[in-house]
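Structure provided below as structure tokens; questions to follow.
Taken together, the values in this text are just the output of simple stated rules run on the coordinates, not laboratory data. What you are looking at is a predicted structure, and each value in this text was computed from that prediction instead of being measured. Methodologically, a virtual Cβ is constructed for each residue, glycine included, from the backbone with ideal geometry; neighbour enumeration extends over all protein chains shown.
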Amino acid sequence: METELGSLGMIRVLIVDDEKQLVEAFKKQLTADGMEVITASCAKEALATIKKKTFDVGVLDIKLPDLNGVELLLKLKQLEPHLEVIMLTGFASVDTAIRSMKLGAYDYLTKPCKISELHKVITKAYEKKTLEEKTIVLKEHLHRLGPPDDFIGESKPIKEVKKLIAIVAASNVPALILGETGTGKELAARAIHNLSPRAGNPFVAINASALQETILESELFGYKKGAFTGAQDNKLGLLEIAHNGTLFVDEVGDMGQGIQAKLLRVLETGAFIKLGDTKETRVDVRFIFATNKELPQEVAAGRFRKDFFFRVNAFTIQLPPLRMKQEDIPLLADHFLEKFSRGGKKKRLAPGTLEVLAAYEWPGNVRELANVLERSMLLSGPRKEIRLEDFPEELLAGACQIKKGKKSKSSETVLNLTRLEEEYIEKVLSAVGGNKTKAARLLGITRATLYSKIR
């Protein structure tokens, strides 16, 4: 009992007719043409069959021993709303066939019909069904798609991360991204997807810690209409939306063991059963997971399945915190000032502000840096530059404490403001590869002033 998404395999056809010789002739030729054909001689048999297996196209005779074809059409559509149906009718029942199209049938053919004609109509019906499925998936994907961003940085730790991303992107193995909150785990996952052969297909993300377990399960796997109170329509799960693409599961360490077991089966077989269904759905999905937890400790504590950990941990990438790549701060600051600028009017950082940003520890990492700069832009009002007074007090206090700590530990002469400025100019020049125009812009000074300071 299984079903695949339309793009995965051959066209699956259910033929319902009590004329045995005609049905056998149809089945023989359509099977030879590459279709999967199942037959039924009455409505009862057809309904029992469709409860066990999903079809793309149904071919129904108008006159059946137990129900007429229109009644069967309505019952089949209740079970499989996306099934395309072709009615077979004699000349005397053409009016009934036309009425069936108003009730959801794709087309009708009058008996006797040529097999080549039936083949053509089945193919067109399948193309319509496939297009509708793709439209549904696209709408769901666009609804969930987050804003694009860049994985920015030229420091040594980031260069190492980019190298690992390029390696794992070419494969199909599950990837595990580790790092503190705010280090850019989703951006790294998007970078893997964008460099992979799946780049033209959906990238779908979900945060496992943000949802209750029952909601998370329905979001991932979907459900059938009537599966529970309130399930008034079929729901497409994220696994189906991510078909042929990438599913990014953030905070996988917070996922319950029941869902871990179900996802493990998808990882191993590519199949799952959605809530309220009796048939398997098969998908082709590349998985990327992320967490800020120590998963081996979670396994030892019995909170994380060992077998699931081994599958999740196939290829690991550790993202560095911002305090370990401070030379990237000028590039990141420039990126966020560009991103948050309104009306095309980009603001600059006043002299001395980058020094404070570099001195801070950034417990919230890149996400905190982005939030600080966005807030500071608002507080700066009509001014073209952001000053120290626009920064949060905790940032200024934190930077001050760090400077004091460094001074007390140093056995050298206490650095004065001039030396601090020199060191920071050196860091900015290094971060931009010696490009003095870009360095001057990041520092918030003119090129002439920068040349003067370099001399």
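Using θ = phi - 60° and the Karplus relation 6.51 cos²θ - 1.76 cosθ + 1.60, list the HN-Hα couplings for region 215-221 in order, rounded to whole Hz, with x at every Gly or Pro.
The phi angles translate into 5, 4, 5, 5, 5, 6, 9 Hz.
How much of the DSSP bridge set in the chain is antiparallel, in percent, rounded to the nearest 5?
Roughly 10 percent of the beta bridges in the chain run antiparallel, per DSSP.
What pairs from Lys20/Lys128; Lys111/Lys279; Lys345/Lys453; Lys51/Lys128 go past 25 Å between their alpha carbons?
Lys20/Lys128; Lys111/Lys279; Lys345/Lys453
Hey, another quick one. Per residue, how big is the convex hull around the C-alpha atoms of region 156-320? Give it to me in cubic angstrom, could you?
Here the figure is 109 Å³ per residue.
Calculate the FRET efficiency for Asp66 and Arg323 from the Cβ-Cβ distance with a Förster distance of 60 Å, rounded to the nearest 0.05.
About 0.20, to the nearest 0.05.
In whole Hz, with x marking every Gly and Pro, tabulate ³J(HN,Hα) for region 41-55 from phi via Karplus 6.51 cos²θ - 1.76 cosθ + 1.60, θ = phi - 60°.
Calculated HN-Hα couplings, in order: 9, 8, 5, 4, 5, 5, 5, 5, 5, 6, 6, 9, 8, 9, 10 Hz.
What is the Å³ per residue value for the convex hull set by the Cα atoms of the chain?
Cα convex hull per residue, to the nearest whole number: 196 Å³.
For the chain, what relative contact order do you get, as a whole percent, if you take Cα pairs closer than 8 Å and at least 6 residues apart?
13
Another question about this same structure. Each residue of region 327-337 in turn: what ³J(HN,Hα) in whole Hz from Karplus with 6.51, -1.76, 1.60 and θ = phi - 60°, glycine and Pro shown as x?
Couplings: 5, 7, 4, x, 5, 5, 4, 4, 5, 6, 5 Hz.
Quick one: of Lys339/Lys384; Lys63/Lys114; Lys28/Lys77; Lys44/Lys262, which pairs are farther than 24 Å apart, Cα to Cα?
Long pairs (Cα-Cα over 24 Å): Lys28/Lys77; Lys44/Lys262.
Which of the three applies to region 208-271, rounded, prolate or oblate, going by the alpha-carbon gyration tensor with a ≥ b ≥ c and a/c under 1.5 meaning rounded?
Note, shape of region 208-271 comes out oblate.
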